[in-house]
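Please treat every number below as a calculation from the coordinates, not as lab data. Please read all numbers here as calculations on a predicted model, not as lab measurements.
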Amino acid sequence: GKNGSGKTTLLKIIAGILSSSTGTVEVDSEPVYLGGFSSGINKNLTMLDNIYIIGTLNGLSKNEIENKINQIVEFSELEDFLNVPVYKFSTGMISRFSFATMIFTLPESPEILLLDEVLGAGADASFKDKIYIKINDYIKSAKLVLIVSHNSNYILNNCSKIIWLDKGEVKE
């Protein structure tokens, strides 16, 4: 569906981030929501400080976060910027950093995976390839995956069922 059709709202209701105004949603396990990567980032703090904050918000201990830092830095390719305030980052650097931090601080094998426009938005071509590989690995580890994307090629080639939403209504 187009922007504003209710796709993100539906995922956030399933994730328990928002409440539905009508009806009910029952989820029998804890879903993992991947979207809005830059939320939670404090641009006045360094990349390292933000990794600790986001890791903590995602339920990791200090030791678990410290064990993830090298993965995040290597994946984002931002080794030289670990101690630089994020406000000095370009949009592409923020995209790299925020995706890497989120993907490496969430549970590794979720039962339910909710992906909200995570297929390379704001990233350069080479980093988009890395995102697709990492997301596909993550998808393989989940039992159920719900994807919101405007990338129709990806959806048509990788999804067994597709729902078209328009103004909160299922069209097809």
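Here are the numbers for this structure:
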quantity	calculated
Given LYS7/LYS130; LYS88/LYS140; LYS12/LYS128; LYS2/LYS134; LYS2/LYS68, the pairs whose alpha carbons are separated by over 30 Å	LYS88/LYS140; LYS2/LYS68
Residues of type aspartates and glutamates that LYS62 reaches as a straight line, Cα spacing below 14 Å, ignoring anything fewer than 8 places off in the same chain	ASP49
Tail fraction, Cα-Cα pairs, the chain, threshold 28 Å, whole percent	25 percent
Sequence-distant residues sharing a close amide H with VAL145 (under 5 Å, placed H)	LEU113
Whole-angstrom Cα spans of the range 90-143 along principal axes, big to small	34, 18, 15
